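The values are calculated or read from the model by the stated rules, or taken from the named source; none is laboratory data. None of the values given here were measured: they were computed from a predicted structure. Don't worry about glycine lacking a Cβ; one is built from the backbone with ideal geometry, like all the others, and counts go over all protein chains shown. These area figures cover heavy atoms from the full protein model, side chains too; ligands, DNA and RNA do not enter into them. Shrake-Rupley method; radii C 1.70, N 1.55, O 1.52, S 1.80 Å.
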Amino acid sequence: MVAHRSLTQIFAAPLAIAIVSTVGLISALVGDGWWDAVSWAALGLPVLLYLAFIWRRRPN
Amino acid sequence: MTATTKSLRRWGAVHKWTSLICTLFMLLLCITGLPLIFHDEIDDLLHNQVKPAEAPSGTPPANLDHLLANALAQAPGKVPHFLIWDRDEPGAIWVSVGPSIDANPVDNLLIRMDTHTGAYLDSPDVTGRFTYIMLKLHTDMFAGLPGKLFLGLMGILFCVAIISGIVVYAPSMRKLRFGAYRAQRTRVVRWLDVHNLAGILLVAWTLVVGFTGVINTWADLVLKMWQFGQLAEMTAQYKDRGVPSKLTSLNGAVEVARHAVPGMTPSFVAFPGTLFSSKSHYAVFLHGDTPLTSRLLKPALIDAETGALTDSRDMPWYVSTLYVSQPLHFGDYGGMPLKIVWALLDILTIFILVTGVYLWMRRRKAGVSQERAIANAASIDNPVLTS
């Protein structure tokens, strides 16, 4: 638990992730090779973050 | 009640109702969509196809008139509607034939031909395939255009649910760090955290895939609009003519189109009298060669009597929007790794849907209104709710 968080605090990380995801969605449309790799990493990020957050607090 | 609480309750109600109405259909779409991401791989695994003859690079393609004649010899009495270059297999060309030129192309027979020898390969009946059944369930639930438009409406509700979900995410997270997962708490708290975490992480992807899906449900209408708009304009001087009794060379028409639109590759040809062309023209649709421009088609209309070019224009914005929205929905534009990421994101979306329904049921059982639970973050610590 933390003290009351402001809207900026609440939405800073989600906004950053949304921007990265959007870059990932567009990148593979623009080109092949590296452009595809950017897209895999950027869109893979939400999946990795999900797993990281859930595993971190897993009950033993 | 403060104005903020009131407004949050209203957003909570929007989130609840839009989600509840579309959830069942979104589950269907997510589940059927999952195998569709890998439809090529699944088809390869489940169905044997005749392989085209080995052709060293630089082998010239067969004459298309010769190829077409070979295809029609396999389907006596049928007429050609479309000739389609296989996107993924350069060695194969599909010829789509129907009983008459104005028959519904949905029921057409598809004949697969060898690009380089012009020989017949096979004509698989795709309608019994697993991937076809998934595709039908996913696009129109076997209910034709009304089914499609209905799923489009569900897609719009899904998008509204996502946007209202962003709003109600704020009160839920007032006392929690980003990514909080309270593993030691009861299931309703843990699943709320999963719902919030997966929901907010996937916002951009679910909105884009959801909305491009909605756009895809309008494909038939977009085609009609193009037919009555740009296509009618381009062929205005031919509008009173019927289908010519003898068509000029198909191979010649494609050559003329290639020269008219340099740097682009033919994607498919629509024969005179089909939905994609006028009664007097071969419409040769060409595409570019980057991931984006390979989706954007440009038609070249070739007079089917003289073989001369009538007109070639870029598609209007509403058709381009449809074509660009397709890869963004299918996830087929960045190789196998992107498909795998797409599938993982799809599975996480299923988590969001299931946890969402669960939270609604628990709160209903506990007698706490969803709106109140959302508006008042503290309510999640209410023993009635979390016991």
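General remarks:
- Within the stretch B:279-313, the set of residues being crowded, with 17+ Cβ neighbours inside 10 Å, of a type in the set (A, V, I, L, M, F, W, C) and away from chain A (no Cβ under 14 Å) comprises B:283, B:284, B:285, B:286, B:297, B:300, B:301, B:302, B:304, B:309.
- For the stretch B:167-221, the set of residues classified as of a type in the set (S, T, N, Q) and under 15 Å from the mean Cα position of the chain (by Cα) consists of B:206, B:212, B:216, B:217, listed by residue number.
- Matching option when the condition is in contact (Cβ under 8 Å) with a residue 24 or more places away in the chain, assigned by TED's automatic domain parsing to the domain that holds residue B:275, open to solvent by 40 Å² or more (accessible area, probe 1.4 Å) and more than 27 Å from residue B:144 (Cα to Cα), among B:105, B:76, B:90: B:90
- The stretch B:170-194, residues that are facing chain A (nearest Cβ under 7 Å), buried (at least 19 other Cβ atoms within 10 Å of the Cβ) and not hydrophobic (A, V, I, L, M, F, W, C): B:179, B:181
- Restricting the first member to the stretch B:244-260 and to residues that are in a loop (DSSP other than H, G, I, E, B), and the second to residues that are surrounded by 16 or more Cβ atoms within 10 Å (Cβ to Cβ) and of a type outside the set (D, E, K, R), the beta-carbon pairs closer than 6 Å and six or more apart or on different chains are B:244/B:304; B:247/B:304; B:248/B:304; B:248/B:307.
- Within the stretch B:95-141, the residues that satisfy the criterion of being within 29 Å of residue B:26 (Cα to Cα), in contact with a Gly (Cβ under 7 Å, 6 or more places away or on another chain) and not acidic (Asp, Glu) are B:105, B:138, B:141.
- Looking across B:81, B:66, B:116, one residue alone is buried (at least 19 other Cβ atoms within 10 Å of the Cβ) and not in a strand (DSSP E or B). It is B:116.
- All positions within the stretch B:195-215 that are crowded, with 22+ Cβ neighbours inside 10 Å, of a type in the set (A, V, I, L, M, F, W, C) and in contact (Cβ under 8 Å) with a residue 60 or more places away in the chain: B:198, B:201, B:202, B:205, B:209
- Just one of the listed residues (B:13, B:3) is within 30 Å of residue B:192 (Cβ to Cβ) and surrounded by fewer than 13 Cβ atoms within 10 Å (Cβ to Cβ), namely B:3.
- Residues in the stretch B:119-130 that are open to solvent by 60 Å² or more (accessible area, probe 1.4 Å) and in a strand (DSSP E or B): 1 in all.
- Pairing residues of the stretch A:13-27 that are touching a residue at least 24 places away in the same chain (Cβ under 8 Å) with residues that are open to solvent by 30 Å² or more (accessible area, probe 1.4 Å), at Cβ distances under 7 Å and at least 6 apart in sequence or on separate chains, gives A:17/A:45; A:20/A:45.
- Residues in the stretch B:114-169 that are of a type in the set (Val, Ile, Thr) and in contact with a strand residue (DSSP E or B) (Cβ under 9 Å, 6 or more places away or on another chain) were compared, and the one that is nearest to the other protein chains (Cβ to nearest Cβ) is B:115.
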